[in-house]
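Q: Questions regarding the structure given below will be posed in turn.
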Ligand SMILES: [Zn+2]
């Protein structure tokens, strides 16, 4: 699969797309309300097909909702269903159920096989044609087209196709375990650690200045709106930088290792431990991107259960040092006297646990036997 991102040329006509996004928000919120009501009445999760049937009926009588293509409506109920399922499965790990969304904040709609047509550097959506900056050719059969607006007011289209990515990974026979951290983003069991770039933290001063500029303007005025867009652009810039960094890191790791072991993310616990900064670290996005790149290059990622005591086990003798405190950055094993760096020791344990649970036949790793 390949994703292409193109920017739509600013045009008055784009407001039609924004209307479709707003109408999608209205459908989304209606679905959420139905889910909540259904749950409070029957104590059960509303079935996706029941929901779709109901929404389809309502849509037929509602000209505003009709702006949204039937497949985009289906995409909405799919997404809600998915996030409810995720919530039921992982709520104790801090996953929240989907919630209401202001139409201003609602960002996109997605089309599958119908409702659009690509014509050169233009795309027809519904009955209107929009121009976009076509920076490269689209290869493969189109699976979805997503129209997205960002907070700066700019519009983008994302085209996902079934094209195979040209990059095939090289088998290196290398394995590593990684421990997530605050200052050191990844502690590597092999030694080359990755420091956190903390883009948001670094831009704090500039960010404060821009927010002050915004709050000094009269709410809703022309200058206020200008300042709002400048601030939104700045945020977007930080997000882009972070994503860029995560992509580069993922490629680097997948080029170096055939198998990467991580601890299962416990975002709730990390939040409790580290507070707000966790958003800037973006562990969740990192794993998502890493999994994409790994799939592309034929590399494997293994997760170790979150109850595995990666920090407390001595990686030399296996003794469990239960008295270890969070503030202990280094410790000495009382049994074998080995001195440990907390994170490095954890990374080694994660690597070991990750490889031990593997069915080694399924992994194409020439050197795996010497590690496990
Ligand atoms: Zn020991």
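The values are calculated or read from the model by the stated rules, or taken from the named source; none is laboratory data. Since the structure is predicted, the reported quantities are computational estimates derived from the model, not experimental observations. For neighbour counting, all protein chains shown are included, and Cβ atoms are generated from backbone atoms with ideal geometry for every residue, glycine included.
Q: Name, by its number, the condition in (1) within 16 Å of the ligand (Cβ to nearest atom); (2) surrounded by 18 or more Cβ atoms within 10 Å (Cβ to Cβ); (3) closer than 20 Å to residue 185 by Cα that does not hold for residue 321.
A: Every condition holds for residue 321 apart from (3).
Q: Scanning the range 165-193 for residues that are at pLDDT below 85 and touching a strand residue (DSSP E or B) at 6+ places or on another chain (Cβ under 8 Å), which turns out nearest to residue 229 (Cα to Cα)? Don't jump to the end; show me each part of the working.
A: Of all residues in the range 165-193, those at pLDDT below 85 come to 165-173, 182-183.
Narrowing the set further to residues that are touching a strand residue (DSSP E or B) at 6+ places or on another chain (Cβ under 8 Å) leaves 165, 183.
On the way: 165: 36, 183: 31 Å.
Across the range 165-193, the extreme among qualifying residues is 183.
Q: When the residues of the range 1-21 are narrowed to those that are buried (at least 16 other Cβ atoms within 10 Å of the Cβ) and within 23 Å of the chain's Cα centre (by Cα), which ends up nearest to residue 107 (Cα to Cα)?
A: Only one residue fits best here, namely 21.
Q: Same structure again: Identify, please: which residue in the range 324-345 is under 21 Å from residue 264 (Cα atoms) and part of a loop (DSSP other than H, G, I, E, B) and is, among those, farthest from the ligand (Cβ to nearest atom)?
A: Restricting to residues being under 21 Å from residue 264 (Cα atoms) and part of a loop (DSSP other than H, G, I, E, B), the top hit is 326.
Q: Further question on the same structure: Which one of 132, 64, 106, 116 is touching a helix residue (DSSP H, G or I) at 6+ places or on another chain (Cβ under 7 Å) and surrounded by 14 or more Cβ atoms within 10 Å (Cβ to Cβ)?
A: Selected residue: 106, the only one of 132, 64, 106, 116 that is touching a helix residue (DSSP H, G or I) at 6+ places or on another chain (Cβ under 7 Å) and surrounded by 14 or more Cβ atoms within 10 Å (Cβ to Cβ).
Q: Going by what's in this entry, would residue 81 be described as touching a strand residue (DSSP E or B) at 6+ places or on another chain (Cβ under 6 Å) and in a helix (DSSP H, G or I)?
A: No: the conditions fail for residue 81.
Q: I need a count of the residues in the range 121-164 that are touching a strand residue (DSSP E or B) at 6+ places or on another chain (Cβ under 9 Å) and either within 24 Å of residue 68 (Cα to Cα) or in a strand (DSSP E or B) (or both).
A: 29
Q: If you don't mind, another one. Could you tell me whether any residue of the range 265-282 is over 22 Å from residue 181 (Cβ atoms), assigned by TED's automatic domain parsing to the domain that holds residue 296 and in contact with a helix residue (DSSP H, G or I) (Cβ under 9 Å, 6 or more places away or on another chain)? Full working, then the answer.
A: Kept after step one, since they are over 22 Å from residue 181 (Cβ atoms), are these residues of the range 265-282: none.
No, that holds for no residue.
Q: If the requirement is being closer than 28 Å to residue 246 by Cα and within 16 Å of the ligand (Cβ to nearest atom), which of these qualifies: 282, 309, 295?
A: One residue alone meets the criteria, 309.
Q: Could you pull out the residue among 304, 293 that is over 23 Å from residue 343 (Cβ atoms), surrounded by 19 or more Cβ atoms within 10 Å (Cβ to Cβ) and at pLDDT 85 or above?
A: 293
Q: For the condition out of contact with any strand residue (DSSP E or B) (no Cβ under 7 Å at 6 or more places or on another chain) and within 30 Å of residue 94 (Cβ to Cβ), what is the one hit in 211, 196, 221?
A: 211
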